[in-house]
Amino acid sequence: MNTMNLVEQMNIERAINARKEKDGENFAEIPNFKPGDTINVAVRVVEGEKERIQNFKGIVIGRKGSGINETFLIRKISNGVGVERIFPIFSPMIQSITLIRVGRARRAKLYYLRGMSEKKIRQKTSL
Amino acid sequence: MKAAILGKKLGMTSVLTEDGRAIPVTVVEAGPCPVVMVRDNEKDGYKAVQLGFEAIEERKVNKPLMGQFKKAGVEPQRYLKEFRELSKDVKVGDTLTVEEFVKGDKVRITGTGKGRGFQGVIKRHHFGGVGMQTHGQSDRQRHPGSIGSSSYPSRVFKGLRMAGRMGGKQITVRNIEVVEIIPDRNLILLKGSLPGAPNTLLEIIKQ
């Protein structure tokens with residue numbers, strides 16, 4: 001099993017290096033965040049030849065998986081419509097993740113936020 | 001160009017590409033495989049190369065086999081397999097490594113699949129089960145149903161699919177892509193899943 005860990009570690013490092021190479025000086029470490037936190041994910045969007053950054057700001061509903069397969073689910077309300085996206089945490093398509101607000105959550109998966117108003121969500125996740 | 005090597009399945013993980021795709025890969029520890037014997041047309045009537053894999057202690061090998069290893073001048077090996085008509089010219093004592101393969105190659109993998117034990121017809125042969133749950137039917141939702149007619153033929157045909165031992169048989173999968181080679185660790189990463197549990201012996205053949 002040891003070799004498996006090694007291969008996984010190697011691939012994680014490679015994914016991080018891919019980001020380092022793309023961003024050079026702008027490279028930013030992925031901060032430690034947990035369910036209930038509000039974060040901003042800067043995602044690379046490829047349009048034909050060009051690449052630009054799109055921001056996705058929302059509340060972390062949960063994290064899933066481990067190692068290189070770890071993903072997180074993030075939710076925001078866009079024009080009154082709830083939007084959720086899942087990102088692999090080591091994806092080279094993520095330019096940066098910034099922690100905006102630390103929240104409090106008493107469970108690991110915050111699926112129950114889905115039916116709530118923004119005000120209720122704020123109350124539920126405030127420290 | 002035909003190349004072959006023996007390997008051991010280690011497990012699965014993912015590789016993330018630069019454009020953000022995740023490729024599922026199986027990690028296989030392959031080689032180094034010493035050539036223990038070379039068969040040729042004159043003496044044996046066919047061309048083949050016998051490869052060994054995984055060196056073991058001498059006391060674990062019986063004397064007749066040890067004689068073969070001594071003659072070849074290689075360490076005793078746990079596994080021995082013959083491969084026909086490799087395109088590379090090899091001699092006894094040569095060693096084949098993962099560097100026989102390159103990234104992007106399509107290979108064929110043969111190994112023993114996971115044993116499933118005694119399984120019913122639904123899992124083993126993809127039967128649909130007996131149709132209804134009501135109308136007086138009870139206790140037979142996963143049964144095979146009728147296995148034949150009555151007075152004619154008065155017997156059950158041979159080869160009728162029934163419950164029994166499943167899995168644990170040799171499986172070959174083709175067109176498996178080589179995602180990566182790590183020569184200093186003797187590793188080869190192959191796209192997708194492969195037969196067997198971890199530690200299964202696998203034959204990797206490039207046609």
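The values are calculated or read from the model by the stated rules, or taken from the named source; none is laboratory data. Everything numeric in this text was worked out from a predicted model, so none of it was measured. Virtual Cβ from ideal backbone geometry, glycine too; neighbours counted across all protein chains shown. Each accessible area value is taken on the protein alone, full model and side chains, heavy atoms only, with ligands, DNA and RNA left out. Shrake-Rupley method; radii C 1.70, N 1.55, O 1.52, S 1.80 Å.
Scanning segment B:122-141 for residues that are in a loop (DSSP other than H, G, I, E, B) and touching a residue at least 40 places away in the same chain (Cβ under 8 Å) yields a count of 0. Examine segment B:52-61 for a residue that is open to solvent by 70 Å² or more (accessible area, probe 1.4 Å), over 25 Å from B:VAL28 (Cα atoms) and either among the β-branched types (Val, Ile, Thr) or not assigned by TED's automatic domain parsing to the domain that holds B:GLN141 (or both), and state whether such a residue exists. Yes, segment B:52-61 contains a residue that is open to solvent by 70 Å² or more (accessible area, probe 1.4 Å), over 25 Å from B:VAL28 (Cα atoms) and either among the β-branched types (Val, Ile, Thr) or not assigned by TED's automatic domain parsing to the domain that holds B:GLN141 (or both).
Every listed requirement among (1) surrounded by 13 or more Cβ atoms within 10 Å (Cβ to Cβ); (2) under 30 Å from A:GLU51 (Cβ atoms) is met by B:PHE69 save one, (2). In segment A:18-47, the residues that are part of a strand (DSSP E or B) form Cβ pairs under 7 Å with partners that are hydroxyl-bearing (Ser, Thr, Tyr), at six or more places apart or across chains, as follows: A:ILE39/A:THR98; A:ASN40/A:THR98; A:ALA42/A:SER96.
Residue-level check: of (1) within 14 Å of another protein chain (Cβ to nearest Cβ); (2) surrounded by fewer than 13 Cβ atoms within 10 Å (Cβ to Cβ); (3) under 13 Å from the mean Cα position of the chain (by Cα), A:ARG85 misses just (2). What are the pairs, 6+ residues apart or on separate chains, where a residue within segment B:10-25 that is under 16 Å from B:ILE182 (Cβ atoms) has its Cβ under 9 Å from a residue that is open to solvent by 30 Å² or more (accessible area, probe 1.4 Å) and of a type in the set (Ser, Thr, Tyr)? Note: pairs meeting the criteria are B:LEU10/A:THR3; B:GLY11/A:THR3; B:MET12/B:SER193. For the subset of segment A:23-69 comprising residues that are closer than 27 Å to A:ASN5 by Cβ and touching a Pro at 6+ places or on another chain (Cβ under 7 Å), which member is nearest to the other protein chains (Cβ to nearest Cβ)? So the residue we want is A:ARG63. From the residues in segment B:1-49 that are open to solvent by 50 Å² or more (accessible area, probe 1.4 Å) and under 17 Å from B:LEU190 (Cα atoms), which one is nearest to the chain's Cα centre (by Cα)? Result: B:GLU29.
Across segment A:71-103, the number of residues qualifying as small (Gly, Ala, Ser) and closer than 20 Å to A:PHE27 by Cβ comes to 2. Of the residues contained in segment B:142-165, one or more are found to be part of a strand (DSSP E or B), at pLDDT 90 or above and more than 14 Å from chain A (Cβ to nearest Cβ).
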